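What follows is a short report on a single structure.
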Amino acid sequence: MELKSVLVVDPVDGEYTANVKISGTKIESVDRAHGNPRAIMMPGFVDTHSHGAAGVNSMKMDHAGLEKWEEFLYPHGVTFLLPSTVSALKKDMLRVANLVSSYMEEKARTSIRGVHYEGPYINVKKKGAQNPETIRPATPKELREILTDDVILVTMAPEIDGFFEALAEMKMQDVVVSMGHTDATFAQINKAFEAGCDRMTHFPNGMNTLHHREVGCVGAGLMLPLKLEMIVDGFHTAPEFVRLVYVIRGTDNIILVTDSIDATGLEDGIYDLGGLRVTVNEGKATLDDGTIAGSTLVLDQAVRNFRKWTGCSLVELARVSSYNALTNLGVRNRGRIKEGYLADLVIMDSELNVVETILAGKSVYKS
């Protein structure tokens with residue numbers, strides 16, 4: 001496969017017109033060319049925090065459901081997805097992890113790359129839309145039982161009992177820990193960062209706010225060299241806040257996620273999230289008490305929102321939509337448009353609408 005005269009947008013080398021040749025699953029060559037490009041090419045989008053879409057719920061899905069979810073995301077440019085759990089019992093977490101593992105084994109080519117446990121080792125004061133009945137401290141014994149080879153990311157609160165023992169356990173297994181659903185002080189966040197935890201989950205949601213006598217979680221996110229997940233749907237974060245983080249932290253430190261739920265792509269109505277009733281009205285998902293409960297955001301819309309609200313360059317957009325997430329997870333063979341890299345690509349028009357999605361060298365969506 002050869003894609004001629006495209007505007008290559010690489011997060012490291014920048015943007016330029018080129019002809020891109022794909023051989024098998026990898027990029028064989030990227031040859032610079034002259035003339036006006038016909039389309040924009042970026043690394044395929046990465047979503048490391050999503051609970052479902054198209055009627056599929058991560059906690060209830062089977063293989064057919066996971067396949068439906070994966071295929072729903074192709075028109076939105078996603079080539080790397082971590083299905084995310086909510087706080088749940090050990091058996092339910094393991095069911096999701098084992099299902100994802102078997103699905104990946106059966107699929108020669110898939111965007112599903114592992115599991116993200118969001119909870120249950122979080123602070124009940126900042127539970128958000130998490131079920132409080134399943135929230136609990138972390139123990140090394142339980143972690144050894146639930147950390148299968150395909151668990152890539154775990155969200156925890158640094159102030160809970162057992163956090164640092166759990167962090168050490170997970171670092172030994174190359175699991176990335178992200179701080180979230182937390183009421184930690186700045187000092188607690190900083191201690192966790194110094195211990196090797198450098199990521200925050202859906203910043204600044206599910207955490208305490210900035211105060212001039214205790215800058216807390218938000219102050220830590222703005223001051224420390226942390227990687228910040230952000231849900232840029234206009235509900236979780238105002239456009240002005242997104243721009244504030246962009247100006248202060250820059251695009252090397254922002255990771256776009258959706259935090260989407262099964263209602264994504266469907267009509268408004270009543271849905272379920274970890275046993276909690278969720279109402280979706282005009283695209284906004286909330287619990288009965290008004291708490292925001294995930295999103296109905298898709299990643300290509302997040303990309304367009306981020307561009308509109310910040311005025312960022314296309315290269316910066318490639319960083320926040322794929323490269324930063326992959327680098328943070330230690331994935332080295334994706335996220336670049338460069339010889340030898342896996343050919344996970346998204347092709348867009350000038351308005352950043354997805355025209356084609358290529359997964360491991362195969363076109364899986366074309367408008």
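Out of the residues in the range 56-73 meeting the condition of being part of a loop (DSSP other than H, G, I, E, B) and in contact with a helix residue (DSSP H, G or I) (Cβ under 8 Å, 6 or more places away or on another chain), tell me which one is surrounded by the most Cβ atoms within 10 Å (Cβ to Cβ). Show your work before the answer.
Taking the range 56-73 and keeping what is part of a loop (DSSP other than H, G, I, E, B), we get 58-62.
Filter once more, so that each one left must be in contact with a helix residue (DSSP H, G or I) (Cβ under 8 Å, 6 or more places away or on another chain): 58-59, 61-62.
Numbers: 58: 29, 59: 20, 61: 22, 62: 11.
Across the range 56-73, the extreme among qualifying residues is 58.
Do the conditions hold for residue 242, that is, is it crowded, with 16+ Cβ neighbours inside 10 Å, hydrophobic (A, V, I, L, M, F, W, C) and in a loop (DSSP other than H, G, I, E, B)? Quick ask: steps written out before the conclusion?
Working: crowded, with 16+ Cβ neighbours inside 10 Å: yes; hydrophobic (A, V, I, L, M, F, W, C): yes; in a loop (DSSP other than H, G, I, E, B): no.
When the stated conditions are applied, residue 242 does not pass them.
Can we say residue 122 is out of contact with any Ser or Thr (no Cβ under 8 Å at 6 or more places or on another chain) and either of a type in the set (Asp, Glu) or touching a residue at least 40 places away in the same chain (Cβ under 8 Å) (or both)?
Numbers: out of contact with any Ser or Thr (no Cβ under 8 Å at 6 or more places or on another chain): no; either of a type in the set (Asp, Glu) or touching a residue at least 40 places away in the same chain (Cβ under 8 Å) (or both): yes.
Against the criterion (out of contact with any Ser or Thr (no Cβ under 8 Å at 6 or more places or on another chain) and either of a type in the set (Asp, Glu) or touching a residue at least 40 places away in the same chain (Cβ under 8 Å) (or both)), residue 122 does not qualify.
Give me the pairs, please: first residue somewhere in the range 130-146 and open to solvent by 70 Å² or more (accessible area, probe 1.4 Å), second residue anywhere and assigned to a helix (DSSP H, G or I) and not hydrophobic (A, V, I, L, M, F, W, C), beta-carbon distance under 8 Å, and either six or more positions apart or on two chains.
144/169; 145/90
Restricting attention to the range 77-109, which residues are open to solvent by less than 40 Å² (accessible area, probe 1.4 Å) and either closer than 20 Å to residue 42 by Cβ or modelled with pLDDT under 95 (or both)?
77, 78, 79, 80, 81, 82
So which residues in the range 1-52 are under 24 Å from residue 232 (Cα atoms), of a type in the set (A, V, I, L, M) and open to solvent by less than 10 Å² (accessible area, probe 1.4 Å), if there are any at all?
Across the range 1-52, the qualifying residues are 9, 41, 42, 46.
Here's the yes/no breakdown for (1) outside any loop (DSSP other than H, G, I, E, B); (2) surrounded by 22 or more Cβ atoms within 10 Å (Cβ to Cβ); (3) in contact with a helix residue (DSSP H, G or I) (Cβ under 8 Å, 6 or more places away or on another chain):
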| site | (1), (2), (3) |
| --- | --- |
| 158 | no, yes, yes |
| 169 | yes, no, yes |
| 190 | yes, no, yes |
| 196 | no, no, yes |
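Any idea how many residues of the range 18-55 are in a strand (DSSP E or B) and over 23 Å from residue 328 (Cα atoms)?
Step one: list which residues in the range 18-55 are in a strand (DSSP E or B), which gives 18-23, 26-32, 39-43, 45-50, 52-53.
Going one step further and asking which of them are over 23 Å from residue 328 (Cα atoms), we end up with 18-23, 28-32, 39-40, 53.
Here the count works out to 14.
What strands (runs of 3 or more DSSP E) completely inside the range 253-367 contain at least 1 residues that are open to solvent by 40 Å² or more (accessible area, probe 1.4 Å)? Explain how you work it out, then say what you get.
Values: elements: 254-256, 269-273, 276-281, 284-286, 345-348, 354-359, 362-366.
Because the criterion is at least 1 residues that are open to solvent by 40 Å² or more (accessible area, probe 1.4 Å), the strands (runs of 3 or more DSSP E) in the range 253-367 that meet it are 269-273, 276-281, 284-286, 354-359, 362-366.
The values are calculated or read from the model by the stated rules, or taken from the named source; none is laboratory data. This is a predicted model, so every value here is computed, not measured. Every residue, glycine among them, receives a Cβ derived from its backbone with ideal geometry; neighbour counts consider all protein chains shown. SASA here: full protein model, heavy atoms, side chains in, ligands and nucleic acids out. Shrake-Rupley method; radii C 1.70, N 1.55, O 1.52, S 1.80 Å.
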